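Accompanying notes for the structure given below.
Bear in mind these aren't lab numbers, they're just calculated from the coordinates by the rules spelled out. Nothing here was measured: the structure is a model prediction, and the numbers come from that model. When we count neighbours, we look across all protein chains shown, and the Cβ atoms used for this are built from the backbone with ideal geometry, even at glycine.
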Amino acid sequence: MHLSEQEIIRRNALQELINLGIDPYPTGVFPVNASTTEILTNYKAGSGLYEDISLAGRIMGRRIMGAAAFVELQDAFGRIQLYIKRDDICPGEDKSLYNTVFKKLLDIGDIVWIRGYVFITQMGETTIHVKEFKLLAKSLRPLPVVKEKDDKVFDAFMDPEQRYRQRYVDLIVNPWVRDIFIKRTRMVNSMREFLNARGYLEVETPILQPLYGGAAARPFKTYHNALDTTLYLRIANELYLKRLIVGGFDGVYEFSKDFRNEGMDRFHNPEFTQMELYVAYKDYYWMMDLVEQMVEKIALDIHGTTQVKVGEHLIDFQRPWKRFTMFEAIEHFTGIDISEMDEKQLREVASQLGVEIDDTMGKGKIIDEIFGEKCEPYLIQPTFITDYPIEMSPLAHKHRSKPGLVERFEAICNGKEICNAFSELNDPLDQRERFEAQLELGRRGDEESMVLDEDFLRALEFGMPPTAGLGIGIDRLAMIMTNSPSIQEVILFPQMRPEKRKEISSDEEYEALGIPSVWIPILRQAGYSHIEALKKANPNALFNQLGGLRKKHKLEVPMPTMDEVRKWLALDSA
RNA sequence: GACUACGUAGCUCAGCAGGUAGAGCACAUCCCUUUUAAGGAUGGGGUCCUGGGUUCGAAUCCCAGCGUGGUCACCA
């Protein structure tokens, strides 16, 4: 394993600690009776508070001045300054706890426990005067050091690749990241409270499904050995929740991790979270009211106000939200009333508006394209769009009065869909026809068409009450509620291409080639970190390179002969 | 999938009329008992993403690949 200079220094420090009889990774319960933020908000000079406190956390900065030092300690809530004075922690003759252990063997990143009392420095900073400290865990890798003054950040750790691959570092170093995920969880908690207060039952349904349904998407496929069968990771849980409505629950919901085998971008992660809710004896109008109430509550719970800043916009979730039918929205943004048009007229409108369509698209798809291009991006404040074309909605109930449409709505916010809901289709014969239309699309090559689920139809045939259903994208909503520009910012471990680790040969492998151990690190540094690379090397070039490195590192070892080098490479010494 | 930008020290970045690799932070040594993004001095640390090509000579120019971001396409 190749270690940087700083890593070697830390490992040496680790060994020295052990030699001093200090366990660098002790176990036990370490009492903590305060937190950083609590102290910073409550402490006042002369208040008599916090005279004997214990804290644990990570060292994030050190300013050493001879026999005293200031340390930045970070716990789960924030940072506080510590003051460590040599003669306080080393009252006797032996000053090694300060001079050696603290000054030389501790580093930024180490996790420590401290005990002391709070005071305020001459600079006015609330600080803990440390009487006692203990190392809880030694850190072997240098942490990026981010500094800040007057809200200006210096050397910010912002490379997205490193931030997402090493989220633990991101969380240590960027306090706003922790904040985003706390808000996300508060959002989920807020929804759960809202739904539980109404008596709906939180359930769990299968993630591994023999048939994937409930949405139009390509699935991930897997295999179960004992059952000798193909299974799919769910793309939605809709059909299972509706089975539960058939079963007699009158309100069920699930926070569902769903999986779709499609492209990734700043709005799509292959695994994402939806909350789906189904309530019997209700319709989509009723569901709109529920969504308004729930999202308004979320904004209030997270921000204490209904107004949320998202990018350039201030979005206000206060009820009631604007409502448009899809036809009204299109007329509003384009001035064209398409409600009575046939497919030919729609095609003309599309080309007139510069909306790209192709011959395979039917009426519903064309309308959807026009809406997606001309309306959706401009809907910034939360808006309900209702009454979608039937072709696009194979699981939604026919509109009670408008032919060709279904009782469906989406809430659009910041130019993006945040939820999708309908009066659920509960007519089993109609549902069978819709599935068959989907099968036809599949036969024509649509890879995302739905598959026919006989068991689901059987359930509907037993009778499902009129039901309102809702799917709400948790990641998308979290992006809005935390003002995050990308889905990766609201998923702790977003999907990334697997990190390729460079293969590095062990010392034994080098030695097996007859290479003296002193040369092994030199060879690695010269670029031959794997013996295969070494075997391919040109012996003359290698020989010269070794000579150079020997000089550079002032090595006291004899230079190998050309013959020896050729032997390492398994060449005849000709 | 297409286009585009980027990939240099642990971190943030400079260097690109091709000529021996730089800064700040971090790290090491020494001096400093209330400092604060950075006290002072000195010093160490690089397969300049990988592989080819052009060239006497490539971090720099060209090609390919890998990785990441952005835009577009796809994703109701």
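In this structure, the residue pairs whose Cα-Cα separation is over 27 Å, taken from A:LYS44/A:LYS95; A:LYS131/A:LYS183; A:LYS257/A:LYS322; A:LYS363/A:LYS402; A:LYS297/A:LYS416; A:LYS149/A:LYS183, are A:LYS44/A:LYS95; A:LYS131/A:LYS183; A:LYS257/A:LYS322. The residues packed around A:ASP387, meaning those with a beta-carbon under 10 Å from its beta-carbon, carry a net charge of 0 if Lys and Arg are +1 and Asp and Glu are -1. The convex hull drawn around the Cα atoms of region A:144-202, when projected onto a plane and averaged over every direction, covers 5.7 nm².
Taking the charge dipole of region A:262-379 about its Cα centre, with +1 at Lys and Arg Cβ atoms and -1 at Asp and Glu Cβ atoms, the residue from A:ILE330, A:ILE366, A:VAL295 reaching farthest to the positive side is A:VAL295. Think of region A:46-139 as a dipole: +1 on every Lys or Arg Cβ, -1 on every Asp or Glu Cβ, centred on the Cα centre; then among A:LEU105, A:THR121, A:VAL71, A:LEU105 lies furthest on the positive end. Note on region A:74-154: Rg/Rh from C-alpha atoms, Kirkwood Rh, equals 0.99. For region A:93-176, the Cβ-based charge dipole about the Cα centre amounts to some 260 debye (Lys, Arg positive; Asp, Glu negative; other atoms uncharged).
For chain A, the dipole from Cβ point charges (+1 on Lys and Arg, -1 on Asp and Glu) about the Cα centre works out to 2540 debye, to the nearest 20.
At 4 °C and a viscosity of 1.567 mPa s, what translational diffusion coefficient does Stokes-Einstein give for region A:2-74, taking Rh as the Kirkwood radius over Cα pairs? Give it in µm²/s as a whole number. Answer, rounded: 83 µm²/s. Note on chain A: dipole from Cβ charges, positive end direction compared against A:PRO498, A:ALA280, A:TRP321; the farthest Cα belongs to A:PRO498. For A:LEU136, the residues whose modelled amide H falls within less than 5 Å of its own, excluding neighbours fewer than 5 places apart on the same chain, are A:ILE111, A:VAL112, A:TRP113.
Dividing the helix sum by the residues of chain A, where each DSSP H run of 4 or more adds -39500 (n - 2.57), gives a mean residue ellipticity at 222 nm of -10000 deg cm²/dmol. The phi torsions of region A:380-390, fed into the Karplus equation with coefficients 6.51, -1.76 and 1.60 and a -60° offset, translate into couplings of 8, 6, x, 9, 8, 10, 10, 6, 8, x, 5 Hz, rounded to whole numbers, with Gly and Pro shown as x. Among the trypsin sites (Lys or Arg not before Pro) found in region A:238-275, those both in a DSSP coil and sparsely packed, with 14 or fewer other Cβ atoms within 10 Å of their Cβ, are A:ARG266. A cut-off under 13 angstrom between Cβ atoms defines the neighbours of A:ILE22, and their net charge, with Lys, Arg +1 and Asp, Glu -1, is 0. With θ taken as phi - 60° and the Karplus curve 6.51 cos²θ - 1.76 cosθ + 1.60 applied, the whole-hertz 3J(HN,Hα) list for region A:48-55 is x, 8, 6, 8, 8, 10, 10, 9 Hz, x standing for glycine and proline. For chain A, the relative contact order is 10 percent, taking Cα pairs closer than 8 Å that sit 6 or more residues apart in sequence and dividing their mean separation by the residue count. For A:LYS567, a cut-off of 19 angstrom between C-alpha atoms picks up these lysines, skipping any fewer than 8 places away in its own chain: A:LYS535, A:LYS536.
Can you give the log10 of the normalised intensity I(q)/I(0) at q = 0.13, 0.16 Å⁻¹, computed with Debye over equal Cα scatterers of region A:1-122? Scattering profile of region A:1-122, log10 relative to I(0): -0.59, -0.88.
Rg to Rh for region A:202-354: what is it, with Cα atoms only and Rh by Kirkwood?
Across region A:202-354, the Cα-based Rg/Rh ratio is 1.05.
The value obtained for chain A, namely the Cα convex hull volume divided by the number of residues, is 264 Å³ per residue. Computed from the C-beta positions of A:GLU564 and A:LYS104, the FRET efficiency with R₀ = 45 Å rounds to 0.65.
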